[in-house]
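These notes are about the structure you will find just below.
The values are calculated or read from the model by the stated rules, or taken from the named source; none is laboratory data. Worth saying up front: this structure is predicted, and the values here are computed from it rather than measured. Here the Cβ is made from the backbone with ideal geometry for all residues, glycine too, and neighbour counts use every protein chain on show. These area figures cover heavy atoms from the full protein model, side chains too; ligands, DNA and RNA do not enter into them. Shrake-Rupley method; radii C 1.70, N 1.55, O 1.52, S 1.80 Å.
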Amino acid sequence: MDWANNTAVTEYVLLGLQEHHSLEIVLFVLCLGIYCTTLLGNALLVGLIVLDPHLHTPMYFFLSHLSLIDICGTTSFIPLMLLNFLDAQRTISFPGCALQMYITLALGATECLLLAVMAYDRYVAICQPLRYSELMNGQLCIRMAVMSWGTGFANSLLHSILVWRLPFCGHNVINHFFCEILAVLKLACGDISLNALILMVATTVLTMTPLLLICLSYMFILAAIFRVPSTAGRAKAFSTCSAHLTVVVIFYGTISFMYLKPKAKDPSVDKIITLFYGIMAPSLNPFIYSLRNMEVKAAVTALLGGSLLARKMSHF
């Protein structure tokens, strides 16, 4: 890798909304609240899955990974962004910027793949219920999780190598809240056509392919649900996948809105919209699963009553 291109730049300036400091104070309060909600909600969900034996199933195994992605993804940029809002720090070091870009890219791709894996889990649970334990065994679940994480981080490594080989010629002002790959590419003074092509291809493959698999899974799921004779049976079958379907709609709806909406006349408006749509989904996921899953509600009740911790301690 040609690190000489970057020797003139030891840190980057994250512009954010520097020209609207009063608005940044408002955003600081809102983003801090959302970030705390994301951390607490997802950490509680992971804790419940670890503590409650009733949640030791493939669906909740993958859900714990999804919560981990939400925690790591928001933590990779929100704390520094909050400091920027207070004018306490407007810069990020070159290694910090590279790491931030790498993590956000990797986790975004990993989440797409995990949502597809969770859709397959729901397909097996509803369309092949008698073979569920056989098909979704622990070894397969671990392999699918490793595949999702490995593919996401390998994809991000490829983009990172291609980005940091570009000549940057000393430009170091990033017009964004964090080191987002498109904002970083705008600083390059060389040809970025290869980067743009590979980024477009990888993004299409790693977002559209999982989406197609999710849609295919739910086509079979809906067909199986409509074959259930009783209304109560259909409602019970659909309830097992409604939370996942809601998360998928929010996730892909967010992506579609951010990248397909027309650009606003004021660039600051686009940055604020992108910010809120990027941080809202991770904070909503724990509530969606806790409100729509009886098992999670029961685990929360047991935790609040003290019986869950008591059972876990007696087990040890």
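Numbers for the structure displayed
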| read-out | value |
| --- | --- |
| Total residues in segment 62-87, condition over 13 Å from the mean Cα position of the chain (by Cα), in a helix (DSSP H, G or I), surrounded by fewer than 20 Cβ atoms within 10 Å (Cβ to Cβ) and not aliphatic (A, V, I, L, M) | 1 |
| Cβ-Cβ under 7 Å pairs, at least 6 apart or on other chains, segment 60-77 side touching a residue at least 24 places away in the same chain (Cβ under 8 Å), far side charged (D, E, K, R) | Phe62/Asp121; Leu66/Glu111; Ile69/Glu111 |
| Filtered residue count, segment 179-204, keeping only those that are within 18 Å of the chain's Cα centre (by Cα) and among the hydroxyl-bearing types (Ser, Thr, Tyr) | 2 |
| Filtered residues of segment 133-155 (kept if of a type in the set (Ser, Thr, Tyr) and modelled with pLDDT of 95 or more) | Ser148, Thr151 |
| All positions within segment 141-166 that are open to solvent by less than 50 Å² (accessible area, probe 1.4 Å) and not hydroxyl-bearing (Ser, Thr, Tyr) | Cys141, Met144, Ala145, Gly150, Gly152, Asn155, His159, Leu162, Val163, Trp164, Leu166 |
| Condition broken by Arg122, with the remaining ones in (1) charged (D, E, K, R); (2) at pLDDT 95 or above; (3) under 16 Å from Leu63 (Cβ atoms) satisfied | (2) |
| Lone unmet requirement of (1) touching a Ser or Thr at 6+ places or on another chain (Cβ under 7 Å); (2) open to solvent by 30 Å² or more (accessible area, probe 1.4 Å) for Cys112 | (2) |
